[in-house]
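The structure under discussion appears below in the form of structure tokens.
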Amino acid sequence: MAKAAEIEDGGRKVIVADGAEIGVFRLNGAFYAWRNTCPHQGGPVCQGRLMKKVEERLDGERKSLGVHYVDDAINIVCPWHGYEFDVRSGRHAGLAAIRLAGYPVTLRDGEVYVVLPS
């Protein structure tokens, strides 16, 4: 549990609940919670950098026109090996089958609650 006011929009707080480290993120007023374990090799993914998704643009001949940042897509970058995951869905940026383990989040009376499996 955390107070909603403790987490700025575009920010996060890592909490410990029932022995599990969980990153709680706030993006455009919505809250998302992910286990702080990267599926690649167990790194502390929720402590990584938050950055806009990077995409490479191609012309009609599939030649690179350079990269650009997607304003409405934010990724968590695992500090160990750079694996990137969408903050909203938990999906890996390149392989949709790889994803973060997530938890439902509820907001009640200014408190953020993470629902853990029983």
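Out of the range 88-115, which residues are among the aliphatic types (A, V, I, L, M), surrounded by 12 or more Cβ atoms within 10 Å (Cβ to Cβ), closer than 14 Å to Cys38 by Cβ and out of contact with any helix residue (DSSP H, G or I) (no Cβ under 8 Å at 6 or more places or on another chain)?
Ala93, Ile98, Ala101
Determine the pairs where a residue that is more than 15 Å from Ile15 (Cβ to Cβ), located within the range 99-115, has a partner that is of a type in the set (D, E, K, R) and at pLDDT below 95 with Cβ atoms under 8 Å apart, the partner being 6 or more residues away or on another chain.
If the second residue must be of a type in the set (D, E, K, R) and at pLDDT below 95, the pairs left are Gly110/Lys3.
Under 27 Å from Met1 (Cα atoms) and of a type in the set (Lys, Arg), is that true of Arg62?
Considered against the rule, which asks whether it is under 27 Å from Met1 (Cα atoms) and of a type in the set (Lys, Arg), Arg62 comes out as no.
Before we move on, is Arg57 at pLDDT below 95, among the basic types (Lys, Arg) and either touching an Asp or Glu at 6+ places or on another chain (Cβ under 6 Å) or surrounded by fewer than 11 Cβ atoms within 10 Å (Cβ to Cβ) (or both)?
yes
Report the residue count in the range 61-79 for those that are surrounded by 15 or more Cβ atoms within 10 Å (Cβ to Cβ) and either in contact (Cβ under 8 Å) with a residue 40 or more places away in the chain or β-branched (Val, Ile, Thr) (or both).
So the count comes out to 4.
Restricting to the range 19-49, name every residue that is in contact with a Ser or Thr (Cβ under 9 Å, 6 or more places away or on another chain) and among the β-branched types (Val, Ile, Thr).
Residue satisfying the conditions is Val45 alone.
The values are calculated or read from the model by the stated rules, or taken from the named source; none is laboratory data. Here the structure is a predicted model, which means the values were calculated and not measured. Don't worry about glycine lacking a Cβ; one is built from the backbone with ideal geometry, like all the others, and counts go over all protein chains shown.
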